[in-house]
Amino acid sequence: MSPRSAAANEELRRRSRERLLEATVELVGQRGYEATTLADIADRAGSARGLVSYYFPGKRQLLQSAVHRLMRLTLEAALEREPRTDDGRERLARAIDAILGIARDRPTLMRTHMAGILTAEGFIQCPEQQRLAALLRDTVVRYGSADPDADYPMLRALLMGAVVALLLPGAPMPLPRLRAELFQRYGLEWGLGVPPGGGPPGGTSAQLVHQTDQR
């Protein structure tokens, strides 16, 4: 049997790494961070325990990479779903709905992720995070930003703040209210993206006026 090519080996490594990331999302979402071990993740992924340490320095880095990959894939799917569009405002609305939707649908996972970012290790700029950042920055560019290097970090901060507010134990903000505030900030009509049922909260106009100076 001839040896595998370098490309084949690289593909095997990519698949192995992705299985570990997927297993991390599943297990931490089900059990929480402390109850999930690296051995559990390796077993779920069908990988050797040593591969986890080969790809990732530790469990916190593995979790951040796994969540950033999930966010990227979810965002990609939202941006490219049918009907596909190049309209910057629709794409920004889809991006906001995608990120808020992850927090709504996977609260344990996202609470753990946000808590990890606030630890001493902080925000880890792994390849998955960089791919997510590129997608969000491109969304800001298509929206019409004149200064994406300043506007992308602001969008990221606003989304992170909304996720924290949505998941705050004991005092969560309702998703429609958070969505309305973000949409108003960017001058987006309520009907863009994937609006929740019931219409805008608190009498918020369904046709928010687009403020060109916000760009």
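Which ones in the range 173-205 are more than 14 Å from Ile96 (Cα to Cα), at pLDDT below 95 and surrounded by 12 or more Cβ atoms within 10 Å (Cβ to Cβ)? Steps first, answer last, please.
First, the residues of the range 173-205 that are more than 14 Å from Ile96 (Cα to Cα): 173-174, 197-205.
Filter again for at pLDDT below 95, leaving 197-205.
Listed by number, the residues that qualify are Gly199, Pro200, Pro201, Thr204.
Just to be sure, is Gly161 in contact with a Lys or Arg (Cβ under 7 Å, 6 or more places away or on another chain), more than 21 Å from Tyr33 (Cβ to Cβ) and not β-branched (Val, Ile, Thr)?
no
Taking the criterion of being surrounded by fewer than 19 Cβ atoms within 10 Å (Cβ to Cβ) and over 18 Å from the mean Cα position of the chain (by Cα), would at least one residue in the range 158-165 satisfy it?
Among the residues of the range 158-165, not one is surrounded by fewer than 19 Cβ atoms within 10 Å (Cβ to Cβ) and over 18 Å from the mean Cα position of the chain (by Cα), which makes the answer no.
When the range 41-51 is examined, which residues are found to be modelled with pLDDT of 95 or more and either surrounded by 16 or more Cβ atoms within 10 Å (Cβ to Cβ) or under 21 Å from the mean Cα position of the chain (by Cα) (or both)?
Matches in the range 41-51: Ile41, Ala42, Arg44, Ala45.
Of all residues in the range 35-56, how many are more than 16 Å from Val67 (Cα to Cα) and without any contact (Cβ under 8 Å) to a residue 24 or more places away in the chain?
Within the range 35-56, residues that are more than 16 Å from Val67 (Cα to Cα) and without any contact (Cβ under 8 Å) to a residue 24 or more places away in the chain number 12.
Given the conditions (1) buried (at least 18 other Cβ atoms within 10 Å of the Cβ); (2) at pLDDT below 90, and given that Arg14 satisfies all but one, which numbered condition is not satisfied?
Exception for Arg14: condition (1).
Mind listing just one residue for me: the one in the range 99-127 that is within 26 Å of Tyr55 (Cβ to Cβ) and of a type in the set (Gly, Ala, Ser) and, of those, surrounded by the fewest Cβ atoms within 10 Å (Cβ to Cβ)?
The residue in question is Ala120.
Looking only at residues that are among the aliphatic types (A, V, I, L, M) and under 16 Å from Ala23 (Cα atoms) in the range 52-98, which one is surrounded by the fewest Cβ atoms within 10 Å (Cβ to Cβ)? First the steps, then the outcome.
Here is the first cut: in the range 52-98, the residues among the aliphatic types (A, V, I, L, M) are 52, 62-63, 66-67, 70-71, 73, 75, 77-79, 92-93, 95-96, 98.
Adding the requirement that they be under 16 Å from Ala23 (Cα atoms) leaves 52, 62-63, 66-67, 70-71, 73.
Numbers: Val52: 22, Leu62: 24, Leu63: 24, Ala66: 27, Val67: 27, Leu70: 22, Met71: 22, Leu73: 16.
Checking each candidate, the answer is Leu73.
Residues are listed down the side, and each one gets a yes or a no for (1) charged (D, E, K, R); (2) touching a residue at least 40 places away in the same chain (Cβ under 8 Å):
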{"site": "Glu128", "(1), (2)": "yes, yes"}
{"site": "Ala133", "(1), (2)": "no, no"}
{"site": "Thr139", "(1), (2)": "no, yes"}
{"site": "Asp149", "(1), (2)": "yes, no"}
{"site": "Pro153", "(1), (2)": "no, no"}
{"site": "Val163", "(1), (2)": "no, yes"}
{"site": "Leu178", "(1), (2)": "no, yes"}
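For the range 57-94, how many residues meet the condition of being part of a helix (DSSP H, G or I) and touching a helix residue (DSSP H, G or I) at 6+ places or on another chain (Cβ under 8 Å)? Steps first, answer last, please.
Looking only at the range 57-94, we keep the residues that are part of a helix (DSSP H, G or I), and these are 59-80, 88-94.
Imposing the further condition that a residue be touching a helix residue (DSSP H, G or I) at 6+ places or on another chain (Cβ under 8 Å) reduces the set to 59-60, 62-72, 74-79, 88-89, 91-94.
Within the range 57-94, residues that are part of a helix (DSSP H, G or I) and touching a helix residue (DSSP H, G or I) at 6+ places or on another chain (Cβ under 8 Å) number 25.
Within the range 95-196, which helices (runs of 4 or more DSSP H) (wholly inside it) include 2 or more residues that are farther than 25 Å from Gly29 by Cβ and in the same structural domain as Arg72 (by TED's automatic domain parsing)? Let's see the steps before the verdict.
Details: elements: 107-117, 127-143, 148-167, 175-185.
Where helices (runs of 4 or more DSSP H) fall fully within the range 95-196 and carry at least 2 residues being farther than 25 Å from Gly29 by Cβ and in the same structural domain as Arg72 (by TED's automatic domain parsing), they are 127-143, 148-167, 175-185.
The values are calculated or read from the model by the stated rules, or taken from the named source; none is laboratory data. Keep in mind that this is a model prediction, so the values were computed, not measured. No Cβ is skipped: glycine too gets one built from the backbone with ideal geometry, and neighbour counts run over all protein chains shown.
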